[in-house]
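Trainee: I have a structure I would like to understand better, so I am pasting it below and will then ask my questions one at a time.
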Amino acid sequence: MPQHDKRIPENARCSTCSGAGWTWWSSPETADTAEQAKWIICRECLGTGRTDKNGRKRQKPDDPSDG
């Protein structure tokens, strides 16, 4: 998590996204192509990365297909 200004304590991190606020999603019917895969906001923490859902929405991670 490269967001130094928004560090989340280990015990307050969302278990679904590990505090990132975003999860990597790909459509089941296009699982073999990375073209349709994208980052979506975590539904558990609503993008905050925290279990209590408080705080600002976290920034979208870099696209892994760029590197």
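Trainee: Along segment 40-46, what does the Karplus equation 6.51 cos²θ - 1.76 cosθ + 1.60 (θ = phi - 60°) give for ³J(HN,Hα), rounded to whole Hz, x for Gly and Pro?
Mentor: 10, 5, 4, 6, 6, 9, 6
Trainee: Here is a follow-up. Each label point is 7 Å from the Cα along the Cα-to-Cβ direction; what then is the distance between the points at E10 and W39, in nm?
Mentor: Output for this residue pair reads 2.5 nm.
Trainee: Considering amide H positions built from the backbone, and no H for Pro or chain starts, which residues 5 or more places from W22, or on another chain, come under 5 Å of its amide H?
Mentor: C42
Read the figures in this text as sums done on the coordinates, not as results from a lab. Remember, predicted model here, so these are calculated numbers, not experimental data. Cβ: placed from backbone, ideal geometry, glycine included. Neighbour counts: every protein chain shown.
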